[in-house]
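Below is one structure; the comments refer to it alone.
The values are calculated or read from the model by the stated rules, or taken from the named source; none is laboratory data. Just so it is clear, the structure is predicted and the values come from calculations on it, not from any experiment. Quick reminder, even Gly has a Cβ in these numbers, built from the backbone with ideal geometry, and neighbours come from all protein chains shown.
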Amino acid sequence: MTSAPETVIWTMLTGTDATLDHIRRAAVESGFRAAFCDGDRINIEVPFSLWKRRRTARFTAAVLTYARGTHVAWTADAGSLNHEHLARIEETLPEGVLHYHGVEDAALRADLPLGGRATLRVIVRVLARDEIVRAIGRGHLNETAGYVVLTTSRLLVIEASGLESRTVFDAPHGSIESLSLGKRSTGETLRVVLPAGPVVISRLGHGEGHGIVKSFREEKESRTRFVPSSVRMPPETQPMAADVAPIRHWPMN
(Lines give C-alpha, C1' and ligand atoms only; values in the text may rest on other atoms or scores of the structure.)
Protein backbone atom coordinates (compact mmCIF):
# COMPACT_ATOMS: atom_id res chain seq x y z
CA MET A 1 0.00 0.00 0.00
CA THR A 2 1.53 3.35 -0.99
CA SER A 3 0.83 6.88 0.21
CA ALA A 4 0.71 10.18 -1.62
CA PRO A 5 4.03 10.88 -3.37
CA GLU A 6 6.21 13.78 -2.19
CA THR A 7 7.09 14.64 -5.79
CA VAL A 8 4.17 15.34 -8.11
CA ILE A 9 4.72 15.17 -11.87
CA TRP A 10 2.66 17.14 -14.35
CA THR A 11 2.93 16.57 -18.09
CA MET A 12 2.27 19.64 -20.20
CA LEU A 13 1.88 19.87 -23.96
CA THR A 14 3.85 23.12 -24.25
CA GLY A 15 7.51 24.08 -24.58
CA THR A 16 9.68 25.10 -21.63
CA ASP A 17 9.15 28.86 -21.89
CA ALA A 18 5.39 28.54 -22.36
CA THR A 19 5.14 26.07 -19.47
CA LEU A 20 6.99 28.40 -17.10
CA ASP A 21 4.81 31.31 -18.19
CA HIS A 22 1.58 29.31 -17.75
CA ILE A 23 2.60 28.24 -14.24
CA ARG A 24 3.65 31.74 -13.21
CA ARG A 25 0.40 33.27 -14.45
CA ALA A 26 -1.74 30.56 -12.83
CA ALA A 27 0.09 30.94 -9.51
CA VAL A 28 -0.37 34.71 -9.48
CA GLU A 29 -4.05 34.40 -10.41
CA SER A 30 -4.41 31.95 -7.50
CA GLY A 31 -3.11 34.59 -5.08
CA PHE A 32 0.40 33.16 -4.76
CA ARG A 33 3.82 34.68 -5.46
CA ALA A 34 5.98 33.29 -8.26
CA ALA A 35 9.64 33.92 -9.09
CA PHE A 36 11.96 32.36 -11.64
CA CYS A 37 15.25 30.94 -10.35
CA ASP A 38 18.35 29.32 -11.85
CA GLY A 39 17.64 26.97 -14.72
CA ASP A 40 14.15 26.05 -15.83
CA ARG A 41 12.68 26.32 -12.35
CA ILE A 42 10.07 28.50 -10.70
CA ASN A 43 9.56 29.07 -6.98
CA ILE A 44 6.03 29.46 -5.62
CA GLU A 45 5.29 31.07 -2.26
CA VAL A 46 1.86 30.79 -0.66
CA PRO A 47 1.44 33.76 1.72
CA PHE A 48 0.06 33.36 5.22
CA SER A 49 -3.65 34.18 5.53
CA LEU A 50 -5.45 34.29 8.86
CA TRP A 51 -8.79 34.80 7.15
CA LYS A 52 -8.28 31.72 4.91
CA ARG A 53 -6.65 29.76 7.77
CA ARG A 54 -3.66 29.22 5.51
CA ARG A 55 -0.06 28.79 6.54
CA THR A 56 2.91 30.00 4.54
CA ALA A 57 4.17 27.36 2.11
CA ARG A 58 6.92 27.23 -0.48
CA PHE A 59 7.37 24.77 -3.31
CA THR A 60 9.30 24.54 -6.56
CA ALA A 61 8.47 23.48 -10.10
CA ALA A 62 11.35 22.07 -12.16
CA VAL A 63 10.60 21.91 -15.89
CA LEU A 64 12.14 19.17 -18.04
CA THR A 65 11.77 18.98 -21.82
CA TYR A 66 10.60 15.77 -23.50
CA ALA A 67 9.43 14.82 -27.00
CA ARG A 68 5.81 15.98 -26.69
CA GLY A 69 6.27 18.97 -24.39
CA THR A 70 7.47 19.24 -20.81
CA HIS A 71 7.39 17.42 -17.49
CA VAL A 72 6.95 19.54 -14.37
CA ALA A 73 8.31 18.08 -11.12
CA TRP A 74 6.78 19.69 -8.03
CA THR A 75 8.61 19.44 -4.70
CA ALA A 76 8.08 21.16 -1.36
CA ASP A 77 10.92 23.30 0.00
CA ALA A 78 10.14 21.93 3.47
CA GLY A 79 7.70 19.33 4.74
CA SER A 80 5.03 17.75 2.57
CA LEU A 81 3.48 19.10 -0.60
CA ASN A 82 0.10 20.72 -0.14
CA HIS A 83 -1.98 19.17 -2.89
CA GLU A 84 -4.75 21.74 -2.48
CA HIS A 85 -2.34 24.52 -3.49
CA LEU A 86 -1.26 22.56 -6.57
CA ALA A 87 -4.89 21.85 -7.43
CA ARG A 88 -5.67 25.56 -7.29
CA ILE A 89 -2.87 26.32 -9.74
CA GLU A 90 -3.96 23.46 -11.99
CA GLU A 91 -7.58 24.64 -12.09
CA THR A 92 -6.35 28.06 -13.23
CA LEU A 93 -4.29 26.79 -16.17
CA PRO A 94 -5.75 27.17 -19.68
CA GLU A 95 -7.68 24.24 -21.12
CA GLY A 96 -5.68 21.82 -23.22
CA VAL A 97 -2.18 22.49 -21.89
CA LEU A 98 -2.06 19.52 -19.48
CA HIS A 99 -1.69 15.92 -20.60
CA TYR A 100 -3.75 13.49 -18.51
CA HIS A 101 -2.22 10.23 -19.77
CA GLY A 102 -5.33 9.08 -21.61
CA VAL A 103 -7.62 9.18 -18.54
CA GLU A 104 -10.23 11.36 -20.23
CA ASP A 105 -10.47 9.12 -23.31
CA ALA A 106 -10.68 5.96 -21.17
CA ALA A 107 -13.44 7.50 -19.03
CA LEU A 108 -15.35 8.51 -22.16
CA ARG A 109 -15.19 4.95 -23.51
CA ALA A 110 -16.50 3.63 -20.17
CA ASP A 111 -19.15 6.37 -19.92
CA LEU A 112 -17.68 7.18 -16.50
CA PRO A 113 -18.13 10.77 -15.21
CA LEU A 114 -14.98 11.98 -13.44
CA GLY A 115 -15.95 15.39 -12.14
CA GLY A 116 -13.17 17.74 -13.19
CA ARG A 117 -9.42 18.23 -12.95
CA ALA A 118 -9.21 17.38 -9.25
CA THR A 119 -10.32 13.82 -9.98
CA LEU A 120 -8.00 13.58 -12.97
CA ARG A 121 -5.08 14.59 -10.76
CA VAL A 122 -5.94 11.95 -8.14
CA ILE A 123 -5.35 9.38 -10.86
CA VAL A 124 -2.48 10.75 -12.93
CA ARG A 125 -0.27 11.81 -10.01
CA VAL A 126 0.56 8.14 -9.31
CA LEU A 127 1.46 7.35 -12.93
CA ALA A 128 4.92 7.18 -14.46
CA ARG A 129 5.79 9.78 -17.06
CA ASP A 130 5.29 7.44 -20.02
CA GLU A 131 2.36 5.48 -18.56
CA ILE A 132 -0.95 5.63 -20.47
CA VAL A 133 -4.39 4.68 -19.16
CA ARG A 134 -6.15 2.09 -21.31
CA ALA A 135 -9.35 1.51 -19.31
CA ILE A 136 -10.97 2.79 -16.14
CA GLY A 137 -13.90 2.10 -13.85
CA ARG A 138 -15.04 2.76 -10.33
CA GLY A 139 -15.46 -0.10 -7.87
CA HIS A 140 -14.58 -1.48 -4.45
CA LEU A 141 -11.60 -3.40 -3.10
CA ASN A 142 -13.06 -4.90 0.04
CA GLU A 143 -14.90 -1.88 1.47
CA THR A 144 -12.64 0.77 -0.07
CA ALA A 145 -14.20 2.69 -2.95
CA GLY A 146 -11.76 3.65 -5.66
CA TYR A 147 -10.90 4.14 -9.30
CA VAL A 148 -9.90 0.90 -11.02
CA VAL A 149 -7.28 1.89 -13.57
CA LEU A 150 -5.60 -0.26 -16.20
CA THR A 151 -2.50 1.36 -17.67
CA THR A 152 0.03 0.17 -20.20
CA SER A 153 1.98 -1.47 -17.37
CA ARG A 154 -0.23 -1.95 -14.27
CA LEU A 155 -3.66 -2.52 -12.79
CA LEU A 156 -4.34 -0.04 -9.98
CA VAL A 157 -7.03 0.73 -7.46
CA ILE A 158 -6.76 4.33 -6.23
CA GLU A 159 -8.88 5.56 -3.34
CA ALA A 160 -11.67 7.91 -4.35
CA SER A 161 -11.31 10.02 -1.23
CA GLY A 162 -9.60 13.24 -2.29
CA LEU A 163 -6.35 14.77 -3.48
CA GLU A 164 -4.18 12.71 -1.14
CA SER A 165 -5.82 9.37 -1.90
CA ARG A 166 -3.77 6.20 -1.47
CA THR A 167 -3.03 3.55 -4.04
CA VAL A 168 -4.51 0.46 -2.37
CA PHE A 169 -3.75 -2.05 -5.13
CA ASP A 170 -0.86 -2.07 -7.60
CA ALA A 171 -0.23 -5.12 -9.80
CA PRO A 172 2.19 -5.01 -12.75
CA HIS A 173 0.87 -6.82 -15.82
CA GLY A 174 3.53 -9.50 -15.50
CA SER A 175 2.34 -10.44 -12.00
CA ILE A 176 -1.26 -11.06 -13.11
CA GLU A 177 -1.75 -14.75 -13.83
CA SER A 178 -5.33 -14.26 -15.00
CA LEU A 179 -8.01 -11.60 -15.06
CA SER A 180 -11.66 -12.56 -15.42
CA LEU A 181 -15.02 -10.81 -15.42
CA GLY A 182 -18.04 -11.66 -13.32
CA LYS A 183 -21.51 -10.17 -12.94
CA ARG A 184 -23.47 -9.84 -9.74
CA SER A 185 -26.56 -7.96 -8.66
CA THR A 186 -24.27 -5.21 -7.31
CA GLY A 187 -22.44 -4.76 -10.61
CA GLU A 188 -19.50 -6.17 -12.53
CA THR A 189 -16.64 -7.89 -10.72
CA LEU A 190 -12.97 -8.46 -11.57
CA ARG A 191 -11.13 -11.50 -10.25
CA VAL A 192 -7.38 -10.90 -10.36
CA VAL A 193 -5.23 -13.99 -9.81
CA LEU A 194 -1.76 -13.16 -8.45
CA PRO A 195 1.03 -15.46 -7.20
CA ALA A 196 -0.07 -14.67 -3.62
CA GLY A 197 -3.69 -15.56 -4.38
CA PRO A 198 -6.82 -14.06 -5.95
CA VAL A 199 -8.09 -10.52 -5.37
CA VAL A 200 -11.68 -9.52 -6.13
CA ILE A 201 -12.65 -6.00 -7.17
CA SER A 202 -16.41 -5.55 -7.00
CA ARG A 203 -19.26 -3.14 -7.76
CA LEU A 204 -17.97 -1.78 -11.06
CA GLY A 205 -20.46 -0.10 -13.34
CA HIS A 206 -21.99 -1.81 -16.36
CA GLY A 207 -19.33 -2.29 -19.05
CA GLU A 208 -16.46 -0.98 -16.92
CA GLY A 209 -15.12 -4.38 -15.90
CA HIS A 210 -15.56 -5.71 -19.43
CA GLY A 211 -13.55 -2.78 -20.80
CA ILE A 212 -10.71 -3.41 -18.34
CA VAL A 213 -10.49 -7.14 -19.13
CA LYS A 214 -10.68 -6.50 -22.88
CA SER A 215 -7.95 -3.84 -22.73
CA PHE A 216 -5.75 -6.07 -20.55
CA ARG A 217 -6.03 -8.85 -23.13
CA GLU A 218 -5.14 -6.44 -25.93
CA GLU A 219 -2.09 -5.16 -24.01
CA LYS A 220 -0.90 -8.75 -23.44
CA GLU A 221 -1.35 -9.63 -27.10
CA SER A 222 0.42 -6.44 -28.19
CA ARG A 223 3.47 -7.16 -26.04
CA THR A 224 3.62 -10.76 -27.27
CA ARG A 225 3.35 -9.62 -30.88
CA PHE A 226 6.27 -7.21 -30.57
CA VAL A 227 8.72 -9.38 -28.61
CA PRO A 228 11.98 -9.33 -30.64
CA SER A 229 12.62 -12.60 -32.46
CA SER A 230 16.00 -12.91 -30.72
CA VAL A 231 14.32 -13.40 -27.33
CA ARG A 232 11.40 -15.58 -28.43
CA MET A 233 11.45 -19.17 -27.20
CA PRO A 234 11.49 -22.02 -29.70
CA PRO A 235 8.04 -23.58 -30.25
CA GLU A 236 8.80 -26.68 -28.20
CA THR A 237 9.60 -24.56 -25.09
CA GLN A 238 6.72 -22.11 -25.28
CA PRO A 239 4.10 -22.38 -22.49
CA MET A 240 0.79 -23.93 -23.42
CA ALA A 241 -1.48 -21.96 -21.07
CA ALA A 242 -2.72 -18.47 -21.93
CA ASP A 243 -1.94 -15.64 -19.53
CA VAL A 244 -5.40 -14.11 -19.79
CA ALA A 245 -8.51 -15.91 -18.71
CA PRO A 246 -11.42 -15.75 -21.14
CA ILE A 247 -14.13 -13.26 -20.34
CA ARG A 248 -16.82 -15.17 -18.54
CA HIS A 249 -19.86 -14.25 -16.49
CA TRP A 250 -20.36 -15.45 -12.94
CA PRO A 251 -23.92 -16.22 -11.89
CA MET A 252 -26.05 -13.53 -10.33
CA ASN A 253 -26.37 -13.57 -6.55
remark   = So, first residue under 15 Å from E143 (Cα atoms) in the stretch 154-169, second residue in a strand (DSSP E or B) and polar (S, T, N, Q), Cβ within less than 8 Å, six or more apart or across chains; the pairs are V157/T144; V157/T167; I158/T167; E159/T144; E159/T167; R166/T2; T167/T2; V168/T144
query = Looking only at the stretch 172-181, which residues are surrounded by fewer than 20 Cβ atoms within 10 Å (Cβ to Cβ), in a strand (DSSP E or B) and in contact (Cβ under 8 Å) with a residue 24 or more places away in the chain?
reply = S178, S180
message = Being under 28 Å from R88 (Cβ atoms), part of a strand (DSSP E or B) and at pLDDT 95 or above: is that true of V168 here?
response = yes
query = Can you tell which of E84, E90 is of a type in the set (D, E), in a helix (DSSP H, G or I) and touching a helix residue (DSSP H, G or I) at 6+ places or on another chain (Cβ under 8 Å)?
reply = E90
query = For the stretch 1-55, what are the residues that are of a type in the set (K, R) and in contact with an Asp or Glu (Cβ under 7 Å, 6 or more places away or on another chain)?
reply = R33
inquiry  = Being crowded, with 17+ Cβ neighbours inside 10 Å, within 21 Å of E6 (Cβ to Cβ) and of a type in the set (K, R) narrows it down to one residue among R138, R121, R134; which is it?
reply    = R121
inquiry  = I need every pair where a residue in the stretch 213-238 that is among the polar types (S, T, N, Q) has its Cβ under 6 Å from the Cβ of a residue that is surrounded by 10 or more Cβ atoms within 10 Å (Cβ to Cβ) and modelled with pLDDT of 55 or more, sequence separation at least 6 or different chains.
reply    = S215/R134; S215/A135; S215/L150
note = Among G15, G116, the single one that is modelled with pLDDT under 95 and either over 30 Å from L204 (Cβ atoms) or assigned by TED's automatic domain parsing to the domain that holds V157 (or both) is G116
request  = List every residue pair whose Cβ atoms lie under 6 Å apart, where the two residues are 6 or more positions apart in sequence or sit on different chains, the first residue falls within the stretch 128-153 and is of a type in the set (K, R), and the second residue, located anywhere, is part of a strand (DSSP E or B).
outcome  = R129/H71; R134/L150; R138/Y147
ask   = Which of (1) modelled with pLDDT under 95; (2) part of a helix (DSSP H, G or I) is the odd one out, the single condition D105 does not satisfy?
value = (1)
key: Residues being surrounded by fewer than 19 Cβ atoms within 10 Å (Cβ to Cβ) and either over 15 Å from E177 (Cα atoms) or acidic (D, E) (or both) - total across the stretch 188-201   = 0
ask   = When you look at R203, is it assigned to a strand (DSSP E or B), touching a helix residue (DSSP H, G or I) at 6+ places or on another chain (Cβ under 7 Å) and either without any contact (Cβ under 8 Å) to a residue 12 or more places away in the chain or basic (K, R) (or both), yes or no?
value = no
